[in-house]
């Protein structure tokens, strides 16, 4: 007998649900994860386990400097792993020495310590401040409101956001917060116990807010006057993201006195390893030897494998002129987003940032986002995901774009088209 109704297809194995179930059962729930299960990537493209393609403009939160699965990193990992993966910091090896030299050449005279993350790099700077001020009883570090400096106990004490501190009181002592870009407030906050000031060149988690040239130059003068150390957290805004190695170098371009500006220490991570874990902090002379033998350390910090990868990334950034690309493609993207904000002011009220570190600020009362529930930033990000684009929400109304430094103009066009489609729907 002839079948009129065709047989239903075989059930598709639900890999998404299976993987999510593993997380729910076995992974500590410290992250508010989106409902995406990613499988593989190439450059600025990612695919989930169901085969859907996404344009990645989040870059692993400013980590994937060369995009996903770059052949150069794979080859470097293979080549170096055949020689030496790990020794111990009891011994010397070439990759660590060469990486330190390369970073010093990009910043200025000084030395580097290597760790595994940005939080660890900042912890090292906290210890540097304590060591610097110890004999005079100075230990306090002043940071900025809306700053972010890591998730360790000292890192959350240093961070100027109350939400990261809740449930972990009492805070590690020695940190106070003042408004960002407010030199007078910083001067007023200095006490006899103050040893250092710590800021980001561009606040990332705080909403993609750049420091002003006047603020940076004023802080340097203030620290010199009060004999304080000036620290900069370059974990997110550094490593050529703005078009210069560090964000302060870009902010102070063509500014009188800017060519002489230099902090006393800078923390680094994220794009430094392009996805391979490595952190570092640079310390300028004459403070580079304050942390002597036995005063600080890291089992895995500065391994041959991590340093070889970081060196390869620096080499590719130079060869392919990716600092220039960050400027040019970043300016193109920012201009497109500004045009979108001008056309739809009821959805986007501000666009800010430098290079490929761009933030859009959503309007506070978008009708489609009315009612209780997730923040406007998270809801907007979910709409971008549905349209095939990854971005990074922060605060309650900010969307960050932190893509690979080799993002192509055609990919920026694709991203702008997707953002425009979401904004247009929200405006109607």
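The values are calculated or read from the model by the stated rules, or taken from the named source; none is laboratory data. Model, not experiment: these values are computed from the prediction. Quick reminder, even Gly has a Cβ in these numbers, built from the backbone with ideal geometry, and neighbours come from all protein chains shown.
Run residue 375 past the list (1) under 14 Å from residue 58 (Cα atoms); (2) out of contact with any helix residue (DSSP H, G or I) (no Cβ under 8 Å at 6 or more places or on another chain) and report the number of the one that doesn't hold.
With (1) under 14 Å from residue 58 (Cα atoms); (2) out of contact with any helix residue (DSSP H, G or I) (no Cβ under 8 Å at 6 or more places or on another chain) applied to residue 375, the lone miss is (1).
For the structure I just gave you, tell me whether residue 99 is outside the structural domain of residue 112 (by TED's automatic domain parsing), within 30 Å of residue 330 (Cα to Cα) and touching a helix residue (DSSP H, G or I) at 6+ places or on another chain (Cβ under 7 Å).
Numbers: outside the structural domain of residue 112 (by TED's automatic domain parsing): no; within 30 Å of residue 330 (Cα to Cα): yes; touching a helix residue (DSSP H, G or I) at 6+ places or on another chain (Cβ under 7 Å): yes.
Taking the combined requirement at face value, the residue does not satisfy it.
Have a look at 297, 301 and point out the one that is out of contact with any helix residue (DSSP H, G or I) (no Cβ under 8 Å at 6 or more places or on another chain), under 26 Å from residue 114 (Cα atoms) and not in a strand (DSSP E or B).
297
With respect to residue 317, is the statement that it is in contact (Cβ under 8 Å) with a residue 12 or more places away in the chain, out of contact with any helix residue (DSSP H, G or I) (no Cβ under 6 Å at 6 or more places or on another chain) and in a strand (DSSP E or B) true? It would help to see each step written out before you state the result.
Details: in contact (Cβ under 8 Å) with a residue 12 or more places away in the chain: yes; out of contact with any helix residue (DSSP H, G or I) (no Cβ under 6 Å at 6 or more places or on another chain): yes; in a strand (DSSP E or B): no.
The answer is no for residue 317.
Go through region 67-124 and count every residue that is out of contact with any strand residue (DSSP E or B) (no Cβ under 7 Å at 6 or more places or on another chain), closer than 20 Å to residue 271 by Cβ and outside any helix (DSSP H, G or I). I'd like the intermediate steps shown before the answer.
At the first step, the residues of region 67-124 found to be out of contact with any strand residue (DSSP E or B) (no Cβ under 7 Å at 6 or more places or on another chain) are 70-95, 97-99, 101-102, 105-106, 119, 123.
Within this subset, residues satisfying the condition of being closer than 20 Å to residue 271 by Cβ are 70-77, 80, 95, 98-99, 101-102, 105-106, 119, 123.
Now restrict to residues that are outside any helix (DSSP H, G or I): 70.
Going through region 67-124 one residue at a time, the tally reaches 1.
Of all residues in region 160-172, count the ones that are part of a loop (DSSP other than H, G, I, E, B) and touching a residue at least 24 places away in the same chain (Cβ under 8 Å). Please lay out each step first, then the result.
So the first thing to find is which residues in region 160-172 are part of a loop (DSSP other than H, G, I, E, B), and the list is 161, 165-172.
If we keep only those that are touching a residue at least 24 places away in the same chain (Cβ under 8 Å) as well, we get 161.
Matching residues across region 160-172 total 1.
Please enumerate the residues belonging to region 331-365 that are closer than 19 Å to residue 272 by Cα and out of contact with any helix residue (DSSP H, G or I) (no Cβ under 6 Å at 6 or more places or on another chain).
The answer is 357, and nothing else.
Which of the residues spanning region 35-44 are closer than 18 Å to residue 407 by Cβ and either at pLDDT below 95 or surrounded by fewer than 16 Cβ atoms within 10 Å (Cβ to Cβ) (or both)? Write out each step before concluding.
In the first step, residues of region 35-44 are kept if they are closer than 18 Å to residue 407 by Cβ; the result is 41-44.
Scanning region 35-44 gives a single hit, 42.
Any idea which of 137, 118, 167, 150 is at positive phi, modelled with pLDDT of 95 or more, crowded, with 16+ Cβ neighbours inside 10 Å and in the same structural domain as residue 209 (by TED's automatic domain parsing)? Show your work before the answer.
Details: 137 fails: crowded, with 16+ Cβ neighbours inside 10 Å; 118 fails: at positive phi; 167 fails: crowded, with 16+ Cβ neighbours inside 10 Å.
Of 137, 118, 167, 150, the one residue that is at positive phi, modelled with pLDDT of 95 or more, crowded, with 16+ Cβ neighbours inside 10 Å and in the same structural domain as residue 209 (by TED's automatic domain parsing) is 150.
Mind listing whichever residues of region 141-159 are farther than 13 Å from residue 206 by Cα, in contact with a helix residue (DSSP H, G or I) (Cβ under 8 Å, 6 or more places away or on another chain) and either part of a helix (DSSP H, G or I) or touching a residue at least 40 places away in the same chain (Cβ under 8 Å) (or both)? Write out each step before concluding.
Going through region 141-159, the residues farther than 13 Å from residue 206 by Cα turn out to be 141-142, 151-158.
Next cut, in contact with a helix residue (DSSP H, G or I) (Cβ under 8 Å, 6 or more places away or on another chain) only: 141-142, 151-152, 154-156, 158.
Of everything in region 141-159, those that are farther than 13 Å from residue 206 by Cα, in contact with a helix residue (DSSP H, G or I) (Cβ under 8 Å, 6 or more places away or on another chain) and either part of a helix (DSSP H, G or I) or touching a residue at least 40 places away in the same chain (Cβ under 8 Å) (or both) turn out to be 141, 142, 154, 155, 156, 158.
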